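Engineer: Starting off with a structure, shown below.
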Amino acid sequence: MADRISVMHQGKIVQAASPIEVYRDPAAEFVASFIGDPPMNFLPAESSGSGRWTVAGQSLEGPVSGKNLKWAIRPEDLRVSDQGLGTGQDCGAIGSAYAGDV
């Protein structure tokens, strides 16, 4: 793989950076949805003020902004825990895919 890659959309370069930077810190939603398999998941985030956001019923820290955003997360950033968050929110797996040894 190259030291730097460029991602184009509609004939324009959207991001030019190292492969890991493009993957971990995409410059635009298009880049995040294009790079990676599976791609990033996007969740609506509602501003609670002062850098607090409500995402999927959870209160999270984020950028100080007055407008609503989309929260992006990659599947490998999620962790299964038996400790829970104390919110009573349940979730379940709907499928699995082998992605190599961890």
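Read-outs: derived from the displayed coordinates by stated rules, not from any lab. Given the structure is predicted, the values throughout are model-derived calculations rather than measurements. As a convention, Cβ positions derive from the backbone with ideal geometry for all residues, glycine included, and neighbour counts pool all protein chains shown.
Engineer: Check ALA45: other-chain or 5+ apart residues with amide H under 5 Å from its amide H, H built from backbone geometry?
Structural biologist: Those qualifying (amide H under 5 Å, at least 5 residues apart or on another chain) are LEU69, LYS70, TRP71.
Engineer: Provide the FRET efficiency to the nearest 0.05 for the ILE20-LEU43 pair, computing r from the beta carbons and using R0 = 22 Å.
Structural biologist: Values: r = 23 Å, r/R0 = 1.06.
In this case the efficiency is close to 0.40.
Engineer: Next question. Between THR54 and HIS9, what's the calculated FRET efficiency when r is the beta-carbon distance and R0 is 22 Å? Round to 0.05. Show your work: numbers first, answer last.
Structural biologist: Numbers: r = 30 Å, r/R0 = 1.35.
Computed FRET efficiency for THR54 and HIS9: 0.15.
Engineer: Please arrange MET8, MET40 by counting, for each residue, the other beta carbons lying within 10 Å of its beta carbon, fewest first. Can you show the working numbers first?
Structural biologist: Working: MET8 12, MET40 20.
Going from least to most buried by this count: MET8, MET40.
Engineer: Quick one: order ASP25, ASP3 by neighbouring beta-carbon count within 10 Å, fewest to most.
Structural biologist: ASP3, ASP25
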